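Nothing in this text is a laboratory measurement; each read-out follows from the coordinates by a stated rule. Since we're looking at a predicted model, the values are computed, not measured. Cβ atoms come from the backbone with ideal geometry, glycine included; neighbour counts cover every protein chain shown.
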Amino acid sequence: MAAADQNRHDSAVRPRSYQDESYQHGFLGAVSDLQKAGVLQDVVLEVEGRRFPCHRLVLSAASPYFRAMFTSGMAESRQKTVVLQDLDADMFCEILSYIYSGTLHVSLDKVQPLYQAADLLQLDYVRDTCSSYMAMNVERSTCVDLYKFADVFSIDSVRNQCLQCICRHFSKIVSSEEFCSLSVNQLTEIISHDELDVKEETAVWEAVVRWVQHCKKDRLRHLPSILPHIRFNLLTPYNMVAILDHPLVKKNPGRSAIRNVVKETSNLKKRVGMDTLEMAVLFNETGIYSKEILFTNPREGKYISCSYTQDFRLLPWTVTVTSDNSIYILGYISELKSLDHQLFVLEYSHTGNVWERASIPPVQWPDDRVGYLVEVDRILYCLLVERSGSNYTPTSVEMSSCSLHTKQWQECSPLHVQADQEVNVVFRPLVVPCGSHLYFLRNAELHRYDPIQDRWHKLTPLRLKLDRELEVCSAISMGTEIFCTDTEFTKTMVYDTESDCWQVLPGWPNSEDLAPNNEPKLFVLDNQLHVWVEPYRISTDDAEGKLIFVYDRSAGAWKDLEVTVPLHVYAACQTMCPVARMYLPCLNAHGISEDM
């Protein structure tokens with residue numbers, strides 16, 4: 001036989017393996033059908049009095065727990081009915097559904113007992129899925145409960161994330177009932193953390209007092225072991241004396257030991273929250289996608305620039321700072337734009353000074369839309385406004401909401417607005433959160449969105465006649481009022497959300513000092529209204545950056561702070577400038593500081 005013919009023959013008779021891709025799915029479906037039909041079942045499992053007929057083979061294949069039970073000569077291997085202890089009947093029903101279908105249904109109300117059942121039955125996939133689900137749902141309202149559960153079952157990933165959340169929201173969590181349910185070891189672990197977000201160490205002492213008094217008879221004895229975790233070196237002498245004179249200390253049998261702890265000096269460092277400062281967030285405006293951010297408090301003369309090397313491309317105009325000081329922004333992952341116009345929600349980690357992908361589904365973002373990302377009452381809203389080239393001529397505004405608890409987007413009622421008669425509408429419409437509502441503002445229109453009713457309401461518009469060149473370009477809320485100004489900072493308009501009326505305040509009287517169409521940006525820093533403005537320049541070397549004015553409400557006038565933001569390439573890229581409370585040690589560790 002010729003060599004070529006021999007090769008063809010060998011190829012034809014060589015053994016091959018074939019895989020039926022539909023077999024696995026079909027087999028599992030057939031097993032599920034047998035279970036539903038009650039066919040060939042050879043064992044009954046009894047949980048809390050409820051009976052579950054099953055197949056030993058299927059149970060053994062799915063779970064090492066059942067495999068050991070039915071194959072190792074245990075008494076259960078010969079019994080037709082096996083009683084299972086320490087299981088919840090409803091959760092076991094969910095477990096059986098998974099074993100016979102491969103589908104697992106998890107929700108916040110049942111994730112803990114489901115994990116507990118999976119842990120007992122040695123179902124790794126169910127256990128890992130429940131752990132991931134708990135980690136996705138660590139929030140202020142759930143972190144203490146999940147922390148206690150994760151502590152008992154040693155789920156380190158969930159436990160550490162819960163600890164971070166508790167430290168971050170410590171001042172609010174200590175007032176909850178869940179905080180008082182902590183064990184003494186859990187309490188001491190929390191108050192020992194460097195990342196505790198407290199302004200003063202007295203807040204830690206007050207938290208301990210609340211915890212002890214919740215069950216004083218049983219907990220008072222723990223006070224001597226708790227107090228060493230309070231950083232007395234950070235307290236004033238007055239506060240130390242106040243603690244020693246507190247009734248809990250005076251009446252404590254171990255008072256002498258407590259006095260020794262209080263008097264001992266220590267070199268424990270400050271908590272993270274003690275080194276925080278409200279700072280405006282500015283982006284490098286040299287490109288549409290920013291990776292350099294300037295955090296600044298011009299009143300304190302502090303400027304910290306940070307460059308981020310992660311595979312994220314941030315869209316500066318979509319940044320929002322939430323009521324609990326979280327910072328969210330939309331962006332692209334890596335250098336790729338999604339073919340279906342998806343943008344990802346990124347969350348800023350204060351302690352790591354990094355941007356991380358939030359556990360929130362991507363946002364659909366068509367090319368012909370300009371968008372806003374804002375928050376009201378722990379709900380993110382993404383508003384998409386029509387755009388034509390560089391102009392904004394909206395007739396409708398699409399909106400979706402995402403609860404930071406459920407982390408799922410859902411459509412909201414759209415807003416239908418009048419088509420603008422002017423062709424060259426260059427400046428964006430303004431979207432401002434205020435109280436429990438959202439406000440959509442243009443020169444001749446004002447609308448309010450009610451989240452409870454999912455409805456838009458038309459309100460009294462700004463009736464001030466402005467030239468098209470003086471388009472309202474910046475707005476921000478402070479208290480129950482919304483402040484806005486025009487492109488040349490000639491006027492400040494104030495809307496009272498409670499009385500639905502407008503008031504006109506002065507702008508900067510020396511407008512000739514400002515660049516034309518400079519697009520000022522309003523922001524609130526230290527509970528005072530500020531504005532960035534562009535100075536007039538004869539040449540590019542005439543000014544280092546933007547000027548800053550603060551509004552004196554009592555005098556009814558703007559005052560020049562006589563400071564400028566360094567490096568004029570930075571800008572507030574929204575209709576308002578976002579402000580967040582930043583953790584200075586974390587910023588300084590990764591950024592370039594320019595104290596002035």
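Computed over segment 158-243, the convex hull of the alpha-carbon atoms projects to a mean area of 5.5 nm².
Under the combined filter of DSSP loop state and at most 12 neighbouring Cβ atoms within 10 Å, segment 120-154 retains none of its chymotrypsin sites (Phe, Trp or Tyr not before Pro).
The fewest-to-most ranking of 128, 151, 245 by surrounding Cβ atoms within 10 Å reads 245, 128, 151.
Sorted fewest first by neighbouring Cβ atoms within 10 angstrom, 416, 437 come out as 416, 437. For residue 278, nonlocal amide neighbours, meaning residues 5 or more places apart or on other chains whose placed amide H falls under 5 Å from its own, are 582.
Per 0.36 nm of contour for each residue apart, how much would the distance between residue 559 and residue 403 grow if the chain were fully extended, relative to their Cα-Cα spacing?
Length gained, residue 559 through residue 403: 52.2 nm.
Ignoring lysines fewer than eight residues from residue 110 along the same chain, the ones with Cα atoms less than 21 angstrom from its Cα are 148, 407.
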